[in-house]
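The numbers here are math on the coordinates, done by the rules we state, and not lab data. Model, not experiment: these values are computed from the prediction. Cβ placement follows ideal geometry from the backbone for every residue including glycine, while neighbour counts extend to all protein chains displayed.
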Amino acid sequence: MRTHEISVLSTGLNFRGTLELSDEAHIYAKVDGEIHGQPNSKIIIRDQATIKGVIHGDRITIEGFVEGKIIGESHVHVTSTGRVFGEIRAQTFSMDLGGTHQGPLHVGA
């Protein structure tokens, strides 16, 4: 039986490059680069996080700041504290009142 793994990138960490993630990831850090989740991955960009680059995963939740491109194979959700400046592509998309998105949005394609 395979276990469910949760990865955490903590506040205070500055990462530059490409992250390859499986299962579930909670990101509180500053990331400049790419974040790739494997199929069935869940990526949560926490409210302290700042991401500049590309996020690609199955289910993506944005609570923090993202400047770049987000590709959600299943779903992208922007919470009331989430701020996205750039393109979002997803099968389904939702955004809470107070969330911000500026840029192209492609849903279902």
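Couple of notes before you dig in:
- Computed from phi, the 3J(HN,Hα) profile of region 89-105 under the Karplus parametrisation 6.51, -1.76, 1.60 (θ = phi - 60°) reads 10, 7, 5, 9, 9, 9, 9, 6, 4, x, x, 10, 9, 10, x, x, 10 Hz, with x in place of Gly and Pro.
- Using θ = phi - 60° and Karplus 6.51 cos²θ - 1.76 cosθ + 1.60, couplings along region 37-53 (whole Hz; Gly, Pro as x): x, 6, x, 6, 6, 10, 10, 10, 8, 6, 5, 7, 7, 10, 10, 10, x
- Between Met95 and Val78, the built amide H atoms are under 5 Å apart, and every one of these is 5 or more places off in sequence or on another chain.
- Inter-probe distance in nm under a simple model that places probes 7 Å from Cα toward Cβ, at Thr3 and Glu20: 2.1 nm
- Total charge dipole magnitude, the chain, about the Cα centre, Cβ charges on Lys, Arg, Asp, Glu only, Debye to nearest 20: 140 debye
- Here the simple spin-label model places points 7 Å from the Cα toward Cβ, and for Ser10 and His106 these points are separated by 3.9 nm.
- Taking amide hydrogens as placed 1.01 Å from N in the peptide plane, the amide H of Asn40 sits under 5 Å from those of Asp58, each at least 5 positions away in sequence or on another chain.
- Cα-derived Rg to Rh of the chain, Kirkwood definition: 0.94
- Segment Ser80-Gln38, length gained on full extension (0.36 nm per residue, minus Cα span): 12.5 nm
- Residues whose placed amide H lies under 5 Å from that of Thr61, excluding near-sequence neighbours: Ile43, Ile44, Ile45, His77
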